Amino acid sequence: MKKPIVVSGIKPTGILHIGNYLGMLKNAVALQESNKYECFYFVADYHALTQRYDPKEKAKEIFDIAVDILAAGIDPKKSTIFLQSHIPEHANLAWIFNTITSMGMLERMVEYKEKLSEGHVPNVGLFDYPVLMAADILIYKGEYVPIGDDQRQHLELARDIVRTFNGRFGKTFKEPQGIYTKAVRIMSLDKPEKKMSKSLPNGCLYLTDSPEVIRKKVKAAVTDSFSEVGYDPEKRPAIANLLTIYSSFSGELIEKIVSRYKGKRYVEFKSDLAEVVVSALEPFQKKQKEFMKNKKYVMSVLEEGEKKARPIAERVLAEAKKRVGLI
Ligand code: TYM
C-alpha cells in the first residue's frame with residue numbers, strides 16, 4: 001500500500017539552532033524512523049534568496065544545511081533529501097498557485113510583517129514566499145508537514161490554496177496537516193518573549209556550539225524572580241522555556257524535572273540543563289564534522305534525492321497544468 005507523504009524544508013539562512021532541531025528536525029527523524037511514511041526533506045534554497053545575502057557565502061550555507069539534515073539523522077536510504085532549486089517544478093506550481101491567491105491573504109502573513117519590521121526590503125519574493133511553500137508541499141502531494149509553530153499560518157495558507165484549487169479545477173490535492181512536537185516554539189534565551197531565531201544570535205543555542213559556549217549561554221539565560229523552578233508558560237515564560245528544552249532533550253516529563261529541583265537554586269538547574277544539551281548535541285556534532293569532510297558524499301546524496309523527487313514533481317505539475325487548462 002502507498003505510504004502517506006511527509007514533506008518539509010529548512011531555509012539556509014545561517015546556522016541551525018535547537019529551535020529548528022526540537023521544533024522540526026527531531027520529528028522529521030521520528031517520522032522517517034516510524035517507517036509509515038514516504039518522507040521528502042529539502043533545503044529551501046530558493047526561499048533563502050528573499051533576504052539580503054552575500055552570494056559568495058550562500059553556496060556554503062546551502063551545503064552546511066544539507067550536512068546538518070544528514071547529521072541530525074535524516075537518512076538518505078530512508079528519506080529523499082534534495083535541494084529545492086534543483087527541482088524547478090516547485091516554482092512552476094507556485095506560479096499557478098499565485099494566480100489563485102489573493103494579495104490580501106499574503107498581506108496577513110505574520111512572518112512577512114515581522115520581516116518588514118526587522119527592516120527587510122519587501123521584495124516580491126518575500127511577499128510571495130508562502131505560496132512557494134505551498135507548492136513545495138503539494139508538488140509531492142504532501143499530506144503531513146513536520147514544522148514549528150511559526151510556520152502554522154503558512155500551512156493554513158497552503159490548505160486555503162488547496163480548497164480554492166480543488167473548488168475551481170476539480171479535486172487534485174489534499175489539505176496538508178502540520179505535525180508538531182511538544183517544543184513547537186522554543187524561545188530566545190535572552191529575550192524569552194521572542195522565539196529563538198537566527199536573527200537573534202545572542203539568545204540562540206546553535207547545534208554547532210561547543211560545550212563551553214553552551215554552558216556560558218545557558219548560565220546567562222534569563223530566568224525570573226521566583227525562588228525555585230516551576231512550570232507556568234503564561235506567568236513564567238523564561239523558566240518554562242528552559243524546562244521545555246530540558247524535557248525535549250532528556251525525554252523526561254516536565255513534572256518530574258520540576259519535582260527534582262524542588263528547593264534547589266536556579267544555578268543548579270541551569271548547570272544540569274547545560275550538560276543535558278551538551279550530551280544531546282554530541283552525536284550530532286560528531287556526525288556533522290564527518291559529513292563536512294565528505295563533500296562528495298553529501299553532493300551525491302543531493303543528486304540521488306533529485307533523481308527520486310523530480311519524476312514525482314513532473315507528474316504532479318503535469319496533472320495541475322492539465323487541470324487549469326494548459327495544453
Ligand atoms: P526555517 O528554516 O525558518 O525553520 C526550519 C524549521 O524550524 C522550525 N523552527 C522552530 N521550531 C520551534 N522553535 C523555534 N524557535 C523555531 N524556529 C524555527 C520552523 O518552524 C521550521 O519548521 N518556511 C520554512 C521552510 C520551508 C518549508 C517548506 C517548511 C520552505 N518550504 C515547505 C515546510 C514545508 C522556514 O523558513 O523554516
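Listed conditions (1) of a type in the set (D, E, K, R); (2) modelled with pLDDT under 95; (3) not in a loop (DSSP other than H, G, I, E, B) are all met by Lys217, apart from (2).
May I ask you to verify whether Phe165 is of a type in the set (Phe, Trp, Tyr), more than 10 Å from the ligand (Cβ to nearest atom) and in contact with a Lys or Arg (Cβ under 6 Å, 6 or more places away or on another chain)? So Phe165 does not fit the description; no. Scanning segment 145-162 for residues that are over 12 Å from the mean Cα position of the chain (by Cα), charged (D, E, K, R) and within 13 Å of the ligand (Cβ to nearest atom) turns up Glu156, Arg159.
In segment 23-35, is there at least one residue being under 17 Å from Tyr129 (Cβ atoms) and either away from the ligand (no atom under 14 Å from the Cβ) or of a type in the set (S, T, N, Q) (or both)? Scanning segment 23-35, I find no residue that is under 17 Å from Tyr129 (Cβ atoms) and either away from the ligand (no atom under 14 Å from the Cβ) or of a type in the set (S, T, N, Q) (or both), so the answer is no. Pairs meeting the criteria (first residue in segment 51-68 and among the small types (Gly, Ala, Ser), second residue at pLDDT 95 or above and part of a helix (DSSP H, G or I), beta carbons under 7 Å, at least 6 apart or on different chains) are Ala66/Val298; Ala66/Leu302.
Taking each residue of segment 1-18 that is near the ligand (Cβ under 8 Å from one of its atoms) and looking for partners that are aromatic (Phe, Trp, Tyr) with beta-carbon atoms closer than 6 Å, six or more apart or interchain, yields Val7/Phe40; Val7/Tyr140; Ser8/Tyr41; Gly9/Phe42; His17/Tyr206. The condition of being more than 15 Å from the ligand (Cβ to nearest atom) and buried (at least 17 other Cβ atoms within 10 Å of the Cβ) holds for only one of Ile96, Ile100, that being Ile96. Considering Val67, Val121, the condition of being among the hydrophobic types (A, V, I, L, M, F, W, C) and part of a loop (DSSP other than H, G, I, E, B) is satisfied by Val121 alone.
Being in a loop (DSSP other than H, G, I, E, B) and surrounded by 19 or more Cβ atoms within 10 Å (Cβ to Cβ) holds for only one residue in Phe165, Phe173, and it is Phe173.
What pairs come out if I take residues in segment 151-173 that are under 12 Å from Ile100 (Cα atoms) and pair them with residues that are among the aliphatic types (A, V, I, L, M) and within 15 Å of the ligand (Cβ to nearest atom) whose C-beta lies under 6 Å away, six or more apart or interchain? These pairs meet every condition: Ala158/Ala134; Ala158/Ile137; Ile161/Ala134. Selection of segment 249-270 for residues being under 30 Å from Asp64 (Cβ atoms) and either part of a helix (DSSP H, G or I) or not assigned by TED's automatic domain parsing to the domain that holds Gly230 (or both) yields Phe249, Ser250, Lys270.
The values are calculated or read from the model by the stated rules, or taken from the named source; none is laboratory data. Every value quoted in this text rests on a predicted model; they were computed, and no experiment measured them. So basically every Cβ, Gly included, is an ideal-geometry build from the backbone, and we count neighbours across all protein chains shown.
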